[in-house]
Each structure stands twice: as C-alpha cells, then as structure tokens.
Amino acid sequence: MRQLRVPGAAIFLLAAATAGVAQTVFDTTLGESNQKTAEVSTQELKHIIKSGSAVLLDSRPPMEYAVSHIPGALNVAPQPGRPAHLYISDVAEVGRLLGGAKEKALVLYCNGPFCGKTKRLGTELLGAGFTNVRRYQLGAPGWRTLSGEAMQTDLTALRYMNRDKTAVWIDAREPAAFKTGTVPGARNIAPSGLRPGKDQGVMKQAKDDGRLPMEDHNTRIIVVGSNAKDARAVADAIASEAFHNVSFIAEPIEQVQRARR
C-alpha cells in the first residue's frame, strides 16, 4: 500500500484552517499544548504595537537584537552565569524596565517556533510574580514572513554587520542627495518613487535593473536615509516584495557613515 506523505508545513496550515479559530495564516499561532503562557498571532501583534497596549520584549541576546528586531521592541541584559544554549533575559532587568509594574502587559518573542528563549523567560517571569505575559512564538522569522514590514537595525550592530560582504545597502534619499555621497556600495531607491501595490513604481524598476537581489530573496538588505520615516517606508516596501531579510536604520545617514568606520 502506498503511503501519502504530507509536508509538515501543510499539516500545520491544514490544522489551523480546520480548527475553526484562525481564518488565515496571519491569525495563526503555533498552538502548542501545555504551555504556561498564551500566544498572540501576527495580526494581534500588529494591533498591540499600533495601540501600545503591551511592552514588546525581544528575548534574544543584545547583539542579535541590535542586528535586527521588530520596530518598537525593547531588550534587556542576559541573566548572568547561563551557558549560551540556555540563554535567558534577566528577569530583574525586565522588572526595572517596567518600573516594578508586574501587572503590565508583556509580549515576548525570539527566533521562531523552535526557539526556547521566550518559553524560559515566560516561565521565570510568572514565577517572579508577573501576571500578564504572552508570547509571539512565531518570532522574528514569522514576523519577516507574515507582517509585510521590515525589521530595525541599531547603529551598534554595524561593525559586526560590515563582515557580511553579500549585504545590499539601499539609500532611501532622493537622487540629488544620493549623488552628494552615500555609504560604500549603496544603491538608490527614492521614497518618491513608491506606489501602492506589488510590482509598482520604483519597486518594479529596482527588480528589473538589479538594484534588488532577485537571485536570492534572503539576502540581507539594509536601508538608510535622511530620517527614519523615509528609510522605513522604503524598507517596508521592499519587505512587501517578498524579500525576507530587510531592515532599516532610524538614524540619519551621516550617523550611519560614522558608525561604519
């Protein structure tokens, strides 16, 4: 008898659809049983960030946070004395971050379904008396895939990221400003060329003329500009074109140039 083999991802999506709870993948959570903290979906997290109804805490190490985090997320120092494979954020530092308000809503995330950092931290926070702790267990990979939005990079990560010689740098200023000088190797995509929808305006042009890495959509893409608004607008537009490793830097390009030296 022939056996029917169904990919794990298909089983996950089928289970979510037939459960009658999540209508789309954007409303889906991992749905693990016997967890001490509840999950939020990508759509729920978007509402939480927009409303400011909870503190979003990146449960990963500080450098990993600096390289790429969900915009608006915060990060604290690690608990001392832990081996790397059992990394956990310092609960005392979380308490200081919240000003001792243990009833304040917290949403934790780390590196996706197989990452244990949020689960370990959530358990310790509950044990320390925090009463409103949830997880976005789909984590940074889920956000990149499902949100249609870019991540954020901090200046403190740039010397580390300079090692990545495959990274594509995008200057989100208008052409006249771009011509006055930019970061080494940067390509220009001006926010004035953005148009609503996929494959529209400057996004379509940048795909066709090689400014965007069409042969590897997982290439690291870092967007800089005169200000956070323009850099993020271009970064979000690129992320919406199915590029999965896009981030923007909020600080002006002059600060980026100094930080990269």
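The values are calculated or read from the model by the stated rules, or taken from the named source; none is laboratory data. As the structure is a prediction and not an experimental result, all values here were calculated from the model. A quick note on method: Cβ atoms are made from the backbone with ideal geometry, for glycine too, and the neighbour counts reach across all protein chains shown.
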Looking only at helices (runs of 4 or more DSSP H) that lie completely in segment 72-180, which have at least 2 residues being over 26 Å from E241 (Cα atoms)?
91-97, 117-127, 158-161
So if I check each of I189, I249, I253, which one is under 19 Å from the mean Cα position of the chain (by Cα) and in contact (Cβ under 8 Å) with a residue 12 or more places away in the chain?
I249
Scanning segment 219-261 residue by residue, those part of a helix (DSSP H, G or I), closer than 21 Å to G148 by Cα, out of contact with any Ser or Thr (no Cβ under 8 Å at 6 or more places or on another chain) and not β-branched (V, I, T) turn out to be A228, K229, D230, A231, R232, A233, D236, A237
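Per-residue answers, yes or no, for (1) in contact (Cβ under 8 Å) with a residue 40 or more places away in the chain; (2) closer than 29 Å to T118 by Cα; (3) in contact with a helix residue (DSSP H, G or I) (Cβ under 8 Å, 6 or more places away or on another chain):
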residue	(1), (2), (3)
W143	yes, yes, yes
D164	yes, yes, no
K179	no, no, no
P196	no, no, no
D208	no, no, no
N218	no, yes, no
For D216, are the conditions met, namely being part of a loop (DSSP other than H, G, I, E, B), within 20 Å of the chain's Cα centre (by Cα), assigned by TED's automatic domain parsing to the domain that holds R159 and modelled with pLDDT of 95 or more?
yes
